[in-house]
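The values are calculated or read from the model by the stated rules, or taken from the named source; none is laboratory data. Note that this is a predicted model, so its numbers are computed, not measured. Every residue, glycine as well, gets a Cβ built from its backbone with ideal geometry; the counts of neighbours run over all protein chains shown.
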Amino acid sequence: MPRILDGVAIAAAIKQEVAEEVKLLIAQGIRPGLAAVLVGNVAASEIYVRNKVTSCAGLGIFSEQIAPPASVTTEEMLALVAQLNAREEIDGILIQLPLPAQVDTKALLDAVSPAKDVDGFHPINAGRLQANRPALAPCTPAGIIEILKRSGIPISGQHAVVVGRSDIVGKPAAMLLLHQNATVTICHSKTRDLGAITRQADILVAAIGRPGFITPEMVKPGATIIDVGINRLTDRAGFDRFFAGNAKREASFLKRGSTLVGDVDPKAFELAGAYTPVPGGVGPLTIAMLMANTLRAAKMRRGIQ
Ligand code: NDP
């Protein structure tokens, strides 16, 4: 039986550690603070931001949600970021993506002070990560490393194959795995004979954005599979494709009208040595690492080790 890597439990342990450190900082008169900027009314983004703000409250981190209207301009957003960069009580600035089309997302992310860039998206932090210098690393990839380490899964010397090369997940995940001494292969939509490469993976990271894309034929038996994908299935045919006969999933699908599947076909998990489920795998780590990055930013800005 493959081992299920419980992201909920690992995230809870990290949050507990963060809460303890926050308590120590508060005793010294320092309260880490996060500003979450959510533009407009995108339902999924609202849920993400609410979860982030609620998590802060649970850990003793100050948080503030700022909600510019969907019609906001790039200039207005740049002015807001400049204010947040200057505010002493704000250690982390999170700009929830995607932004409306009229806003220049890159200009905005580049305007966030690298010291407050808790998402790790600023080119300076991306460069520091590549150079293996202390940096605020993107939360989801950092969470992948925490899952592997805290689950006792060896990384050094292993062949890690990362499918996906986004700046948010694939590329930084590959870099972090490389720094842990994995031999890393990065694949993408132009990769030829993808299955031949993924079948070599001791650690397979799927960050593609396509439901159940990694099939059993693409997996080496015994591999560790990290499924980053979050895809919502709302139609019956999609549900049956992955979960036919799964009574528990079916009950929740019928109740909610949807269910989540990752970028890995659940049948492929049966071949794995260990895997992260969807939901309850990588997802919870993203918020836990945002909390950890906010604490880290608060300490780094004040020169606290
Ligand atoms: P992007 O769309 O930015 O990147 C997807 C990557 O997958 C691209 O590099 C693309 O290649 C590659 N790809 C697409 N099709 C194929 C294919 N047929 N064969 C091989 N590679 C392919 O997505 P993200 O990286 O932002 O997100 C990936 C997934 O992770 C999504 O499901 C997203 O919802 C999820 N996610 C989950 C998070 C969490 O907290 N668990 C956080 C962030 C994302 P190319 O570059 O050539 O186009």
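Summary of computed values
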read-out: Looking only at the stretch 147-174, and only at residues there that are under 24 Å from Pro98 (Cα atoms), among the aliphatic types (A, V, I, L, M) and crowded, with 20+ Cβ neighbours inside 10 Å, the one that is farthest from the ligand (Cβ to nearest atom); value: Ala174
read-out: Arg249 free of Cβ contacts under 8 Å to residues at least 24 places away in the same chain and crowded, with 18+ Cβ neighbours inside 10 Å; value: yes
read-out: Hey, Phe242 assigned by TED's automatic domain parsing to the domain that holds Gly170, near the ligand (Cβ under 9 Å from one of its atoms), touching a residue at least 24 places away in the same chain (Cβ under 8 Å) and on the phi < 0 side of the Ramachandran plot or not; value: no
read-out: Residue check for Asp117: of a type in the set (D, E, K, R) and touching a strand residue (DSSP E or B) at 6+ places or on another chain (Cβ under 8 Å); value: yes
read-out: Sole residue being surrounded by fewer than 18 Cβ atoms within 10 Å (Cβ to Cβ), at pLDDT 95 or above, in contact with a helix residue (DSSP H, G or I) (Cβ under 9 Å, 6 or more places away or on another chain) and among the hydrophobic types (A, V, I, L, M, F, W, C), chosen from Ala207, Ala244, Ala268; value: Ala244
read-out: Count - residues of the stretch 107-134 that are in a helix (DSSP H, G or I) and farther than 15 Å from Val39 by Cβ; value: 12
read-out: Gly222 being part of a loop (DSSP other than H, G, I, E, B) and of a type outside the set (S, T, N, Q); value: yes
read-out: Hits in the stretch 144-193 (condition: part of a helix (DSSP H, G or I) and either at pLDDT below 95 or of a type in the set (A, V, I, L, M) (or both)); value: Ile144, Ile145, Ile147, Leu148, Ala173, Ala174, Met175, Leu176, Leu177, Leu178
